[in-house]
Amino acid sequence: MAAATVNEHLPTPLDATSEQPPLFDGTTRLYTNYACPFAQRVWITRNYKGLHDKIKLVPIDLQNRPAWYKEKVYHENRVPALEHNGKIIGESLDLIKYVDSNFEGPSLLPDLRFRSLIPLINKTIHKSFKGDTVKEAGPDFDHLENALHKFDDGPFFLGHEFSLVDIGCIPFIERFQILFSALWNYDITSGRPKLARWIEILFSLNIDLKEV
């Protein structure tokens, strides 16, 4: 398993003053935001599959978004969205499966056998600022640790196979690790060796996990 390593020039985000790129001119475009964890799922999928030249990044300034984005590109007015083959596709979990199935590059196992982990992460997001955060969120991190023990032949959720399950989770876990350490001085990997190793391995893949 090896991720593509490319020194990519990142375009400047488009805002309310920016002109709209051509639509449906044959170019595949990923409308994204560098700091959005949902969009980051698709960015990671694109990069891991080596699609830097196949899928053009079109970053959107979410604080000052252009009116044409909602009116002419994606009516939901969210990121990510993919322009491909004359249509616009949204929703990050649908998109990572779509990119894996419709483009070349290493397979990422489109069957999300651990899809139940995704609602768990969303649940943790809502907990993060309510009540005794560490106490309430701790069992969720334990659940992730236990899920990583499901297959012992590798560090990923599906064992030795890096998959869409890992990509679906890592943008949020990365942020939780920073948030819990900064706000509550709590290390989410303490006593969870599999989770610690999983985070370490994913950062070593060099597929733009870090926020820009």
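The values are calculated or read from the model by the stated rules, or taken from the named source; none is laboratory data. Everything numeric here is computed off the predicted structure, so don't read it as measured data. Here the Cβ positions follow ideal geometry from the backbone for every residue, glycine too, while neighbour counts run over all protein chains shown.
Worth a mention:
- Conditions (1) modelled with pLDDT of 90 or more; (2) more than 15 Å from Arg46 (Cβ to Cβ); number of the one not met by Pro80: (2)
- Within region 85-101, residues that are closer than 18 Å to Phe162 by Cβ have Cβ atoms under 9 Å from residues that are among the basic types (Lys, Arg) in these pairs: Ser92/Arg41; Leu93/Arg41; Leu93/Arg115; Leu95/Arg41; Ile96/Arg41; Val99/Arg46; Val99/Lys49; Asp100/Lys49, counting only partners at least 6 apart in sequence or on another chain.
- Inclusion of Asn102 among residues that are surrounded by 18 or more Cβ atoms within 10 Å (Cβ to Cβ) and not charged (D, E, K, R) is not warranted.
- The set of residues from region 53-86 being within 17 Å of Lys97 (Cα to Cα) and either part of a loop (DSSP other than H, G, I, E, B) or not acidic (Asp, Glu) (or both) comprises Lys54, Ile55, Val79, Pro80, Ala81, Leu82, His84, Asn85.
- All conditions but one from (1) surrounded by 20 or more Cβ atoms within 10 Å (Cβ to Cβ); (2) modelled with pLDDT of 90 or more; (3) in contact with a Gly (Cβ under 9 Å, 6 or more places away or on another chain) apply to Phe114; the one that does not is (2).
- Residue tally, condition at pLDDT below 95 and more than 12 Å from Gly138 (Cβ to Cβ), over region 183-193: 2
- Region 7-52, residues that are of a type in the set (Gly, Ala, Ser), farther than 19 Å from Leu164 by Cβ and either within 20 Å of the chain's Cα centre (by Cα) or not in a loop (DSSP other than H, G, I, E, B) (or both): Ala35
- Residue within region 118-126 that is within 29 Å of Leu179 (Cβ to Cβ) and modelled with pLDDT of 95 or more present: no
- Failed item in (1) over 23 Å from Leu205 (Cα atoms); (2) modelled with pLDDT under 95, with Asn47 passing the rest: (1)
- Test: residue in region 172-187 that is among the small types (Gly, Ala, Ser) and in contact with a helix residue (DSSP H, G or I) (Cβ under 8 Å, 6 or more places away or on another chain): no
- Only one of Asp152, Asp132, Asp142 that is assigned by TED's automatic domain parsing to the domain that holds Ile199, loosely packed, with under 14 Cβ neighbours inside 10 Å, at pLDDT 90 or above and of a type in the set (D, E, K, R): Asp142
- Search result, residues across region 50-74 that are over 17 Å from Asn85 (Cβ atoms), surrounded by 15 or more Cβ atoms within 10 Å (Cβ to Cβ) and at pLDDT 95 or above: Leu57, Pro59, Ile60, Asp61, Leu62, Arg65, Pro66, Trp68, Tyr69
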